[in-house]
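Novice: Sharing a structure here in structure tokens format.
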Amino acid sequence: MSTGAPLACRRAAVLSDLLQQKFDPDTAEANHRQLYRILQQAILSGELPAGTQLPPTRLLACDLGIARNTVIQVYEQLGIEGYVHTGVGRGTFVADTAPDRIAGFDLITAPARRGNDGGSLSCRGKVLLENAGAGKRQWGGFVPGVPDVTQFPARVWSRIESRLWRRLSPEMMSYASGGGYAPLREVLVDYLRTARGVRCDPRQVLITTGTHHSLHLLTHLLADFGDGVWLEEPGYWGARSLLQIAGLDITAVPVDEQGMNPGELPLRRVPRFIFVSPSHQFPLGSVMSLARRRELLEYAKSTNAWIIEDDYDSEFRYGCRPLPSLQGLDDGGRVIYLGTLSKIMFPGLRLAYMVVPENLVDGFALGLMELYREGHLAPQAVLAEFIREGHFASHIRRMRTIYSERRVTLIEAIHEHFGDALPVIGSAAGLHLVLGLPGDVDDQALSARALAHGIVARPLSLYYCDKRQARRGLVLGYGCVARDEIPREFARLATVIRECL
Ligand SMILES: Cc1ncc(COP(=O)(O)O)c(C=O)c1O
């Protein structure tokens with residue numbers, strides 16, 4: 001290259017030389033695989049920083065002595081995965097994916113910024129607490145997501161429990177191993193197949209202490225710092241917190257009446273996880289259409305992304321049968337199904353499960369043991385018996401009727417106070433509904449005011465990553481407020497709402 005060549009050409013030639021030094025034409029590794037690996041590693045290590053222009057395909061092919069098509073194919077693959085982007089007619093450039101600002105905190109300067117007073121929180125801790133979504137009140141009108149625990153057949157439970165404790169083996173009081181109490185996993189397989197269309201065998205069912213626990217394990221075993229995740233916008237704050245502090249790069253994907261809609265996204269790179277609640281989107285309540293389900297499954301299959309299906313309350317659907325799970329449609333082994341017993345039984349039980357694809361079974365069973373020293377076998381055994389004896393199914397049936405009546409009562413109260421002025425959002429399902437508010441109402445201030453009057457009315461904007469774009473509303477749970485108390489409780493809330501409109 002002559003010294004008079006334009007700067008860009010000189011840089012391209014230098015880079016091409018550098019790649020030539022790394023490239024070994026005599027190895028057994030296929031040319032495209034080797035070039036892909038070299039470029040990927042150079043980008044990940046920062047050797048090729050964001051903005052670097054890759055050599056033109058013709059030049060690089062010539063310098064490496066390989067076909068130009070091979071270089072084109074490698075650039076295209078890196079483009080699909082988000083490592084590079086191509087400006088039409090301008091060349092191929094390294095994309096800005098360096099994890100120096102993930103999840104709202106600066107990773108590189110984090111330790112320095114933490115301070116050294118011994119008592120200060122980590123940067124990760126600060127991010128968690130600053131964005132915390134958990135409410136302090138977990139009972140009463142209108143706490144969302146909490147079932148009516150007073151209706152739980154406690155006598156039946158305690159009868160089974162005392163029977164079991166009389167013959168409890170030492171093994172049942174020791175640490176657990178391998179994913180939980182085997183008979184519980186067996187009965188759950190039957191239940192999941194008939195009620196949710198989930199296809200699995202008992203080894204694929206792993207018992208955890210809650211959805212957060214399942215997610216924690218997932219992030220530890222399947223994701224690395226800086227991996228991407230798609231979250232529903234709006235979505236479940238608990239999932240957002242966990243995925244955020246795991247250092248994942250969150251992309252908020254809008255939700256419409258057919259569920260998560262990634263169609264319009266400028267696809268920066270393939271996510272590692274796609275977190276969805278297809279049976280009853282949380283909190284807006286839409287049901288993901290079959291077309292969207294198939295699209296998402298196809299996308300995950302072709303990109304090796306993991307879909308995390310949060311099926312948290314679909315037992316409670318009023319008027320029509322619950323839709324089968326996304327997992328049941330998956331023929332690529334890309335769905336990890338999360339279920340919880342918090343809504344059907346009671347949240348304090350802290351029992352949940354995940355159904356993982358066949359190839360993850362052994363790793364996850366070992367991961368559970370290694371990370372958490374599993375236990376909790378006695379309540380798992382009581383639950384297995386509770387299900388086997390039919391109490392589980394009859395409790396679901398009974399509660400479905402109760403919640404359905406409460407939902408109707410709450411909607412009637414809303415109409416009585418506001419007519420059609422404020423929309424009720426969401427399908428007839430679950431333990432909550434969303435009351436829409438005009439866009440100029442500060443739902444967080446309204447919620448704080450309601451709380452001062454002793455009423456929980458969670459602001460819809462809280463569930464958005466981008467609060468500025470948030471739709472305004474109130475997420476109202478009817479699971480833990482008696483039907484005859486709903487009109488009075490809502491009348492008190494309506495007074496606060498009117499003051500804020
Ligand atoms: C959307 C969503 N997913 C999952 C859960 C269940 O969480 P857990 O199993 O930890 O009780 C909840 C609880 O409120 C929820 O709202």
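Novice: Of the numbered conditions (1) away from the ligand (no atom under 14 Å from the Cβ); (2) at positive phi; (3) surrounded by fewer than 23 Cβ atoms within 10 Å (Cβ to Cβ); (4) modelled with pLDDT of 95 or more, Gly180 fails exactly one; give the number of that condition.
Specialist: (3)
Novice: Also: Does region 303-319 contain any residue that is among the basic types (Lys, Arg) and within 25 Å of Asp227 (Cβ to Cβ)?
Specialist: no
Novice: Search region 239-293 for residues being under 19 Å from Tyr337 (Cβ atoms) and β-branched (Val, Ile, Thr), and hand back the single one that is nearest to the ligand (Cβ to nearest atom).
Specialist: Val276
Novice: OK, next. State all residues of region 199-215 that are within 16 Å of the ligand (Cβ to nearest atom) and in contact (Cβ under 8 Å) with a residue 60 or more places away in the chain; if no residue qualifies, say none.
Specialist: Val205, Leu206, Ile207, Thr208, Thr209, Gly210, Thr211, His213, Ser214, Leu215
Novice: Would you please name the residue that is most open to solvent (accessible area, probe 1.4 Å), looking only at residues in region 193-222 that are under 21 Å from the mean Cα position of the chain (by Cα) and of a type in the set (S, T, N, Q)?
Specialist: Thr209
Novice: Of these, Val156, Val127, which one is closer than 22 Å to Pro347 by Cβ and either in contact with a helix residue (DSSP H, G or I) (Cβ under 8 Å, 6 or more places away or on another chain) or in the same structural domain as Leu341 (by TED's automatic domain parsing) (or both)?
Specialist: Result of the check over Val156, Val127: Val156.
Novice: Restricting to region 194-217, give me the number of residues that are closer than 20 Å to Asn359 by Cα, assigned to a helix (DSSP H, G or I) and not aliphatic (A, V, I, L, M).
Specialist: 5
Novice: Here's a follow-up. Let me confirm something: among Tyr337, Tyr372, which residue is buried (at least 22 other Cβ atoms within 10 Å of the Cβ) and hydroxyl-bearing (Ser, Thr, Tyr)?
Specialist: Being buried (at least 22 other Cβ atoms within 10 Å of the Cβ) and hydroxyl-bearing (Ser, Thr, Tyr) holds for just one of Tyr337, Tyr372, which is Tyr337.
Novice: Report the residue count in region 43-63 for those that are assigned to a helix (DSSP H, G or I) and modelled with pLDDT of 90 or more.
Specialist: 7
Novice: Which of the residues belonging to region 398-434 are touching a residue at least 60 places away in the same chain (Cβ under 8 Å) and part of a strand (DSSP E or B)?
Specialist: Answer for region 398-434, where residues must be touching a residue at least 60 places away in the same chain (Cβ under 8 Å) and part of a strand (DSSP E or B): Ile425, Ala429, His432, Leu433, Val434.
Novice: For residues that are in a loop (DSSP other than H, G, I, E, B) and of a type outside the set (D, E, K, R), scanning just region 370-397, find the one that is farthest from the ligand (Cβ to nearest atom).
Specialist: Here the answer is Gly390.
Novice: Please find, within region 333-342, the residue that is nearest to Ala239 (Cα to Cα) out of those that are within 9 Å of the ligand (Cβ to nearest atom) and not in a loop (DSSP other than H, G, I, E, B).
Specialist: Out of the qualifying residues, it is Leu338.
Novice: Report, by residue number, each residue of region 226-238 that is more than 11 Å from Tyr463 (Cβ to Cβ) and within 16 Å of the ligand (Cβ to nearest atom).
Specialist: Selection gives Val229, Trp230.
Novice: Something else now. Just checking, which of Ile66, Ile38, Ile108 is over 25 Å from the mean Cα position of the chain (by Cα), in a loop (DSSP other than H, G, I, E, B) and modelled with pLDDT of 70 or more?
Specialist: Just one listed residue meets the conditions, Ile66.
Novice: Could I ask something else about it? Looking at region 304-324, which of its residues are among the hydroxyl-bearing types (Ser, Thr, Tyr) and open to solvent by 10 Å² or more (accessible area, probe 1.4 Å)?
Specialist: Once the filter is applied, which keeps residues that are among the hydroxyl-bearing types (Ser, Thr, Tyr) and open to solvent by 10 Å² or more (accessible area, probe 1.4 Å), region 304-324 yields Tyr312, Tyr318.
Novice: Checking Arg321 against (1) away from the ligand (no atom under 14 Å from the Cβ); (2) assigned to a helix (DSSP H, G or I), which single condition isn't satisfied?
Specialist: All conditions pass for Arg321, except number (2).
Novice: Hey, another quick one. Which of the residues spanning region 130-150 are closer than 17 Å to Phe346 by Cβ, assigned to a loop (DSSP other than H, G, I, E, B) and either in contact with a strand residue (DSSP E or B) (Cβ under 7 Å, 6 or more places away or on another chain) or not charged (D, E, K, R) (or both)?
Specialist: The answer is Gln138, Trp139, Gly140, Val143, Pro144, Gly145, Val146, Pro147.
Novice: Between Ala450, Ala457, which is open to solvent by less than 50 Å² (accessible area, probe 1.4 Å), more than 30 Å from Asp190 (Cβ to Cβ) and within 25 Å of the chain's Cα centre (by Cα)?
Specialist: Ala457
Novice: Given (1) hydrophobic (A, V, I, L, M, F, W, C); (2) within 16 Å of the ligand (Cβ to nearest atom); (3) within 19 Å of Ala195 (Cα to Cα), identify the lone condition not met by Ile307.
Specialist: Among (1) hydrophobic (A, V, I, L, M, F, W, C); (2) within 16 Å of the ligand (Cβ to nearest atom); (3) within 19 Å of Ala195 (Cα to Cα), Ile307 violates only (3).
Novice: Restricting the search to region 343-369, which residues are within 16 Å of the ligand (Cβ to nearest atom) and either among the aromatic types (Phe, Trp, Tyr) or open to solvent by 10 Å² or more (accessible area, probe 1.4 Å) (or both)?
Specialist: Those that are within 16 Å of the ligand (Cβ to nearest atom) and either among the aromatic types (Phe, Trp, Tyr) or open to solvent by 10 Å² or more (accessible area, probe 1.4 Å) (or both): Lys343, Phe346, Pro347, Gly348, Leu349, Arg350, Tyr353.
Novice: I would also like to ask the following. Of the numbered conditions (1) out of contact with any Pro (no Cβ under 8 Å at 6 or more places or on another chain); (2) open to solvent by less than 20 Å² (accessible area, probe 1.4 Å), Arg37 fails exactly one; give the number of that condition.
Specialist: (2)
Novice: If I go through region 334-365 residue by residue, how many of them are over 18 Å from the mean Cα position of the chain (by Cα), under 23 Å from Glu298 (Cα atoms) and charged (D, E, K, R)?
Specialist: Result for region 334-365: 1.
The values are calculated or read from the model by the stated rules, or taken from the named source; none is laboratory data. Nothing here was measured: the structure is a model prediction, and the numbers come from that model. Counting neighbours? That spans all protein chains shown, and the Cβs are built from the backbone with ideal geometry, glycine included. Surface areas here come from the heavy atoms of the whole protein model, side chains and all, with no ligands, DNA or RNA. Shrake-Rupley method; radii C 1.70, N 1.55, O 1.52, S 1.80 Å.
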